[in-house]
Amino acid sequence: MTVREVREKSINYRKKLLTYIKHANAGHTGGSLSCIDILNVLYNRILDVTPENFTNPNRDHYIQSKGHSVEALYVVLADKGFFPESDLNTLCRHGSHYVGHPTRKVNGVEHNTGALGHGLSFCVGLALAEKMDSMNHKVYTLLGDGELAEGSNWEALLTAAHYQLDNLIAIVDFNKLQITGWTKDVCATDPLEQKFCAFGWSVQHVDGHDIEALTEVLNSVPFEREKPSVIIAHTIKGKGVSFIENNHTWHHHVPTDAELVQAIQELDQALVQVIDNYTD
Amino acid sequence: MNQLESGKANLEVFSETLIDLAKKDKSIVVVTSDSRGSGKLVPFGEQLPDQMIEVGIAEQNLVGVAAGLAAAGKKVFAVSPACFLTARSLEQIKNDVCYSDHPVKLIGISAGVSYGALGTTHHSLHDIAALRAINNISIIAPADNFETRESIKLAVEMQHPVYIRFGKRAIEHVHKPDAVFKLGKAIIIREGDDVAFIAAGETVVQSLLAAQLLEQKGVSCRVVSVHTIKPLDGKAVIETAKKCRIMITVEEHLVYGGLGEACAAHLMQAGISLPFKVVGIRDEYTVTGSQLEIFKDYGMTAEKLSESAMQLLAHI
Ligand SMILES: [Mg+2]
């Protein structure tokens, strides 16, 4: 898939997730916009996970530990053909499997998340099983930066390093915000890189909205043999819509009719720019 | 008084059974949280090092890692003292195991007041109540070596989560050689129609000994081992209530939220009423001491159970 196609997808995914959040009158707007480029690159350029091989353990794994950004995951899974996109019209509706956090009832989801600080331990288990069975598939998880305050993450970080799980890749959606405000004001996690290094992980930074940089860094794992890899993806919460960016009140705010119209207009303008910039 | 034939600690039987099974089935994996000694799993680690994962003193991680291994097709036993396993990692049990439906076998060692002298931190008197309130997990409290062995064999093949809790004291045999162990199927160990003892785990021995004491007083007792507390064998409880004059439930757990209340709710909703007593640990600052000393304090020894039965019978 060309860079232009992937960048177009990023914008279209944003339009869709905002539309479904509006339709459901519920959702995690800021975080979904923050991590959508990461999911885009993972599913369209990196992961060996398809609707065809999903029931076969012989594939890569992706676990979204920051489960609240589920709308980003759902629009990507729909685009990849895991389920008809029209299913998302039932998002958060009574009796729907498309609940406000990922569940295995939705095709393409392999672990139920939503409570924070759970995904990494689960991925350590998956990565250990891969090693035990001498398989070469990779296990990826997406963590929120606010989520890192959950102590269970640090238990999992220790185990991953102890077992030298170089098939495990954690990506931090480092948007520096959480529901209450700036993470540095809520409970500072800095210096993050040093903390991961001290726990025995190999660390790289990336612009979490730069498709090519994300592709490059994700293609270069493991960064070191016998060490798990962590990518600190510098992101902007609400990325792509001017009035949502860097505003913690949009953590789970649903756009009004007028806000949705303006957001779609901004994203359509961005789409025109992508088309103008890439002639491939 | 008749004696019961003495056996090993259920903990030891668990360990021996698991080693036997794991030698034949390489997909069996044990995960420990610095608990291999407490779980009698040092020989497992020595004989089958590739089938053991150690996460250190980190019970939340223990359960999360176990869920991931199970999702990848391993038959995973997460082994840790019941007190930590079912409290520290309750959210991992709820979400990563039960809600996500990864078939982890959670093994709560030295459950109840097995670590009696170590104090409340090490008692697990909440575990059955806590896990009963979580969807998609079976709860088993084996009474003796036979039930322990059978429950571990059963757990290996289970496709959904299960919690098995037992103690560390050498425990007497309660079953005849022809006993049959099935998930959710209570076992009638002794027949009688005056008193019904409905017991789970290591209180079954005390109930059976109480029945022997009561026999000398001309009182006949039915003793039922409800090894599976969830799903409860409601049919057996109702049938027993119809047959006997009084019912006493016995459990090594707080009197709230465990076997006794489960039976009471079942009987009430079936419209069945009989003199009924829930024996277990009272809601108070728990006494310390050996398991049997604590049983005595809370009316859970054979002598105390037979006294309770006589008192309840006297009020009919
Ligand atoms: Mg954040």
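The values are calculated or read from the model by the stated rules, or taken from the named source; none is laboratory data. These numbers come from a predicted model, not from an experiment. Neighbour counts run over all protein chains shown; Cβ positions are idealised from the backbone, glycine included. The area values use the complete protein model at the heavy-atom level, side chains included, leaving out ligands, DNA and RNA. Shrake-Rupley method; radii C 1.70, N 1.55, O 1.52, S 1.80 Å.
Points to keep in mind about this one:
- P(r) histogram, all alpha-carbon pairs of the protein assembly as shown included - 20 Å bins from 0, percent: 20, 44, 27, 9, 1
- Among beta bridges identified by DSSP and lying wholly in the protein assembly as shown, the antiparallel ones come to about 15 percent.
- Heavy-atom accessible surface of A:CYS92, to the nearest 10 Å², is about 60 Å², with a 1.4 Å probe and all protein chains retained.
- Rounded to the nearest 0.05, the FRET efficiency derived from the C-beta distance between A:GLU5 and B:LYS23 at R0 = 45 Å is 0.30.
- Geometric extent, Cα atoms of segment A:55-117 - Rg, Dmax (angstrom): 11.4, 35
- Between helix A:3-24 and chain A: long-axis angle, C-alpha atoms, 0 to 90°, nearest 10: 70
- Proximal aspartates and glutamates relative to A:LYS105, as straight alpha-carbon distance under 18 Å, when same-chain residues fewer than 8 apart are discounted: A:GLU52, A:GLU71, A:ASP79, A:GLU85, A:ASP87, B:ASP96, B:ASP101
- Cα extents of segment B:6-172 along the three principal axes, largest first (Å): 39, 35, 27
- GNM on chain B, alpha-carbon springs under 10 angstrom: the most fluctuating residue among B:ILE140, B:ILE164, B:ILE53 is B:ILE53.
- With distances taken between every two different alpha-carbon atoms, segment A:64-153 has a Kirkwood hydrodynamic radius of 14.1 Å.
- Think of it as helices only: each DSSP H run of n ≥ 4 in chain A is worth -39500 (n - 2.57), and spread over all residues that comes to -12500 deg cm²/dmol at 222 nm.
- A crude spin-label estimate for the pair A:LYS184 and B:LYS176, with each label 7 Å from Cα along the Cβ direction, gives 7.6 nm.
- When B:ILE188, A:ILE63, A:ILE46 are compared by accessible surface with a 1.4 Å probe, the order from highest to lowest is B:ILE188, A:ILE46, A:ILE63.
- Rounded to the nearest 10 degrees, the angle from helix B:59-71 to the longest Cα principal axis of chain B is 70 degrees.
- If the convex hull is drawn through the Cα atoms of segment B:255-316, its volume per residue in Å³: 88
- The sum of -39500 (n - 2.57) across all DSSP H runs of n ≥ 4, divided by the residue count of chain B, sets its helix-only mean residue ellipticity at 222 nm to -10500 deg cm²/dmol.
- Distance in nm between pseudo-label sites at A:SER134 and A:ASN277 (7 Å out along the Cβ direction from Cα): 4.7
- The Kirkwood radius of segment A:131-280, taken over pairs of alpha-carbon atoms, gives through the Stokes-Einstein law at 20 °C and 1.002 mPa s a diffusion coefficient of 124 µm² s⁻¹.
- Solvent-free Debye calculation, one equal scatterer per alpha-carbon of chain A: log10 I(q)/I(0) at 0.15 Å⁻¹ equals -1.13.
- Share antiparallel - DSSP beta bridges, chain A, percent rounded to 5: 10
- In chain B, the longest principal axis of the Cα atoms and the axis of helix B:203-216 are about 20 degrees apart.
- Phi-derived couplings, Karplus 6.51 cos²θ - 1.76 cosθ + 1.60 at θ = phi - 60°, listed residue by residue for segment B:303-314: 4, 5, 5, 5, 4, 4, 5, 4, 4, 5, 5, 5 Hz, with x used for Gly and Pro.
- Comparing B:LYS23, B:LYS168, B:LYS185 in a Gaussian network model of chain B where C-alpha atoms under 10 Å apart are linked, the largest mean-square fluctuation is found at B:LYS23.
- Applying the Karplus relation 6.51 cos²θ - 1.76 cosθ + 1.60 with θ = phi - 60° to segment A:143-159 yields 3J(HN,Hα) values of 10, x, 6, x, 4, 5, 6, 5, x, 4, 4, 6, 5, 5, 4, 4, 5 Hz, where x marks Gly and Pro.
- Taken per residue, the accessible surface of segment B:187-314 reaches 38 Å², heavy atoms only and a 1.4 Å probe.
- For segment B:183-242, GluC sites (Glu not before Pro) are listed when DSSP marks them as loop and at most 12 other Cβ atoms sit within 10 Å of their Cβ; the list is B:GLU191.
- Placing R0 at 22 angstrom, the Cβ-Cβ distance between B:ILE316 and B:ARG282 gives a FRET efficiency of 0.35 after rounding to 0.05.
- When peptides B:173-180, B:258-265, A:171-178 are ranked by their average number of other Cβ atoms within 10 Å per residue, the highest-first order is A:171-178, B:258-265, B:173-180.
- For segment B:201-251, the Kirkwood estimate of hydrodynamic radius, built from reciprocal distances between every pair of different alpha carbons, is 11.8 Å.
- Amide H partners (placed H, <5 Å) of B:ILE28, local residues excluded: B:LYS75
- Remark: mean inter-chain Cβ contacts per residue of A:109-122 equal 6, using a 10 Å Cβ-Cβ cutoff to other protein chain atoms.
- Values of log10 I(q)/I(0), in the order q = 0.11, 0.14, 0.16 Å⁻¹, for chain B under a Debye, Cα-only, solvent-free model: -0.62, -1.00, -1.28
- Pairs of lysines in segment B:213-316 (C-alpha under 16 Å apart; 8 or more residues apart or interchain): 5
- A:GLU85-A:GLN204 FRET efficiency (beta carbon distance; Förster radius 41 Å; 0.05 resolution): 0.80
- Segment B:152-202 - Rg (one decimal) and Dmax (whole number), Cα, Å: 13.4, 40
- Peptide packing: for B:270-276, A:95-101, the average count of neighbouring Cβ atoms within 10 Å per residue gives the ranking A:95-101, B:270-276, highest mean first.
- Within the accessible surface of segment A:102-223, defined with a 1.4 Å probe on protein heavy atoms only, the carbon and sulfur portion equals 49 percent.
- Listed by chain and number, the lysines whose C-alpha is less than 18 Å from the C-alpha of B:LYS8, apart from same-chain residues fewer than 8 away, are B:LYS40, B:LYS153, B:LYS168, B:LYS176.
- Two-decimal Rg to Rh for segment B:249-290 - Kirkwood Rh, Cα set: 1.08
- Beta bridges assigned by DSSP with both partners in segment A:125-220 are antiparallel in approximately 25 percent of cases.
- Per-residue HN-Hα couplings for segment B:49-55 [Karplus 6.51, -1.76, 1.60; θ = phi - 60°; Hz; x = Gly/Pro]: x, 6, 10, 10, 10, 10, 10
- Accessible area of B:ARG190 (1.4 Å probe, protein heavy atoms only, ligands and nucleic acids ignored): about 50 Å².
- Inter-chain shielding of B:48-55 (mean C-beta neighbours from other protein chains, 10 Å cut-off): 3
- Shielding by partners - mean other protein chain Cβ count within 10 Å, residues of A:156-168: 2
- Both radii were evaluated on the Cα set of segment B:187-314; the Rg over Rh quotient, with Rh as the Kirkwood radius, amounts to 0.94.
- Accessible area buried by the pairing of B and A, both sides summed with a 1.4 Å probe, works out to roughly 1900 Å².
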